[in-house]
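Trainee: I have a structure here, written as structure tokens, and I will follow up with some questions on it.
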Amino acid sequence: MEHSSETPFYRAVDAASLGRSISDARKEASMTQQQLAERLGVTRGTIVRLEHGEPVSTVVAMKAIRAVGRDVALVPRFAKLQVKQ
């Protein structure tokens, strides 16, 4: 996972880095794991598994990303990406 204070973008390359990205974004949003779980209609254990990079449904992961105020952009590996704000 890569995150800079200069940009709101994370780079997740596997389940573990995606989980850390979601965890960081959840904390930035001042949300507990229990609050996120309730918002998604899942157990806190599901959020713990998600944040540790363990298997959860793609639907839950996508909903969690949106619930913490983030979007997903799929970028091909080795692509050059320039972000303008």
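No lab work stands behind these numbers, since they all come straight from the coordinates. What you see is a predicted model; the values in this text were computed from it and never measured. All Cβ positions, even for glycine, are placed from backbone atoms using ideal geometry, and neighbour counts span all protein chains on display.
Trainee: Using the Karplus curve 6.51 cos²θ - 1.76 cosθ + 1.60 with θ = phi - 60°, what ³J(HN,Hα) values do you get for each residue of the stretch 21-26, in whole Hz, with x for Gly and Pro?
Mentor: 3J(HN,Hα) across the stretch 21-26, in whole Hz: 5, 5, 4, 4, 5, 4.
Trainee: Given a Förster distance of 35 angstrom, what is the FRET efficiency for V48 paired with F78, based on the Cβ-Cβ distance and rounded to 0.05?
Mentor: The pair V48/F78 has a calculated efficiency of 0.60.
Trainee: Would you mind counting up the charge near R26? Only other residues with Cβ under 10 Å from its Cβ, with Lys and Arg at +1 and Asp and Glu at -1.
Mentor: -1
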